[in-house]
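The structure appears right after this line, and notes come after that.
The values are calculated or read from the model by the stated rules, or taken from the named source; none is laboratory data. Quick caveat, the model's predicted, so the values are computed rather than measured. Here the Cβ is made from the backbone with ideal geometry for all residues, glycine too, and neighbour counts use every protein chain on show. When the accessible area is computed, the model is the full protein with side chains, heavy atoms only, and any ligands, DNA or RNA have been set aside. Shrake-Rupley method; radii C 1.70, N 1.55, O 1.52, S 1.80 Å.
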Amino acid sequence: MLRLRSLGSGSTGNATLVEAGGLRKRRLLVDCGLGPKVLQSRLARAGLDLADIDAMLITHEHQDHMAHAQRIATRHGIPVWMSEGSWRASGEADYGKLLSFCADGQAIDLGDMQVTPFAVPHDAREPLQLCCSDGRHRLGVLTDLGHVPAEVTQHLAHCQVLLLECNHDLGLLGQSAYPQFLKRRIAGDRGHLSNDQAAALAAALKTGPLQHVVAAHLSRTSNRPELAAQALRKALGGKADVSVADAIEGSAWIEAQGA
Ligand SMILES: [Zn+2]
Ligand SMILES: [Zn+2]
């Protein structure tokens, strides 16, 4: 069994739970942009507690992904993986023995879950995103990237479930009150994926085993859930289900089905 659940998604704070295994579960928390109280309450909605988290992987140093990682990891003794670049860029916070570095293409073995981080183009020091596998199923987490290089598409080619950034609608971003430099940064090659870019990736993956795409990291000012969902549905043509992770509510559990 392999499944994921967004606990909150977007610039206000990201955290995604990945769970693998049978009777003995392995749980990885991808990113820790939610404070302890909020994280506890979102976990409680899934019937879980911080003690149920086996490991954390922080994708990059931006606050919406890393803000509470050190405090929560050290308080609860949770092992943390991140790139050396992310750790250096975040001020080399002290995790004691809990911190391990991970790198592009180097698999992490968490017992019943194998995690493969891979590099993405984003305006951070050494940003990574990831695929997880339980040996039979595969899922991907892909947010915070300005465009989709061919290598990233290849990493995701065998995923049944994908949490995918749909940051902005280009039209709404253009009309937004953001200053020009910020609009250029967001839409740039190392910024965030638009609905159209996410849809193009979904279209490229639909010939594979893809079953469900969860739109994530939506901008509150430059996107709307129905626009992101519409773009993905059109690209997938009924091949896979589509849902949207809410900034506050996150998502339901989405399980990878079949072999
Ligand atoms: Zn982010
Ligand atoms: Zn970021």
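If I filter the stretch 1-16 for residues that are within 18 Å of residue 252 (Cβ to Cβ), open to solvent by 50 Å² or more (accessible area, probe 1.4 Å) and not hydroxyl-bearing (Ser, Thr, Tyr), do I get at least one hit? Yes, the stretch 1-16 contains at least one residue that is within 18 Å of residue 252 (Cβ to Cβ), open to solvent by 50 Å² or more (accessible area, probe 1.4 Å) and not hydroxyl-bearing (Ser, Thr, Tyr). Take the conditions (1) over 25 Å from residue 12 (Cβ atoms); (2) open to solvent by less than 30 Å² (accessible area, probe 1.4 Å); (3) not in a helix (DSSP H, G or I); residue 222 misses just one of them, which is (1).
Within the stretch 46-84, the set of residues being within 16 Å of ligand 2 (Cβ to nearest atom), open to solvent by less than 10 Å² (accessible area, probe 1.4 Å) and either under 23 Å from residue 248 (Cα atoms) or of a type outside the set (A, V, I, L, M) (or both) comprises 57, 58, 59, 60, 65, 69, 83.
Report yes if some residue within the stretch 59-66 is at pLDDT 95 or above, in a helix (DSSP H, G or I), more than 22 Å from residue 110 (Cα to Cα) and of a type outside the set (Gly, Ala, Ser); otherwise report no. Yes: the stretch 59-66 contains one or more residues that are at pLDDT 95 or above, in a helix (DSSP H, G or I), more than 22 Å from residue 110 (Cα to Cα) and of a type outside the set (Gly, Ala, Ser).
Checked against the criterion of being among the small types (Gly, Ala, Ser) and open to solvent by 60 Å² or more (accessible area, probe 1.4 Å), the candidates 119, 107 yield just one match: 107.
Would you say residue 155 is in contact (Cβ under 8 Å) with a residue 12 or more places away in the chain, of a type outside the set (A, V, I, L, M, F, W, C) and open to solvent by less than 10 Å² (accessible area, probe 1.4 Å)? Answer is no for this residue. Considering only the stretch 185-213, how many residues are open to solvent by 40 Å² or more (accessible area, probe 1.4 Å), within 16 Å of ligand 2 (Cβ to nearest atom) and assigned to a helix (DSSP H, G or I)? Of the residues in that region, 3 qualify. When each of 157, 69, 119 is tested for being more than 28 Å from residue 206 (Cα to Cα) and modelled with pLDDT of 95 or more, the lone residue that passes is 69. Of 88, 138, all but one fail to be of a type in the set (D, E, K, R), touching a His at 6+ places or on another chain (Cβ under 6 Å) and open to solvent by 10 Å² or more (accessible area, probe 1.4 Å); the exception is 138. Quick check: is even one residue across the stretch 235-252 among the aliphatic types (A, V, I, L, M) and part of a helix (DSSP H, G or I)? Checking the stretch 235-252: at least one residue is among the aliphatic types (A, V, I, L, M) and part of a helix (DSSP H, G or I). When residue 167 is tested against (1) touching a residue at least 60 places away in the same chain (Cβ under 8 Å); (2) over 19 Å from residue 209 (Cβ atoms), exactly one condition is not met: (1). Let me spell it out: the conditions are (1) touching a helix residue (DSSP H, G or I) at 6+ places or on another chain (Cβ under 6 Å); (2) crowded, with 20+ Cβ neighbours inside 10 Å, and residue 93 meets all of them except one. Which number is the exception? Going through the list (1) touching a helix residue (DSSP H, G or I) at 6+ places or on another chain (Cβ under 6 Å); (2) crowded, with 20+ Cβ neighbours inside 10 Å, residue 93 breaks only (2).
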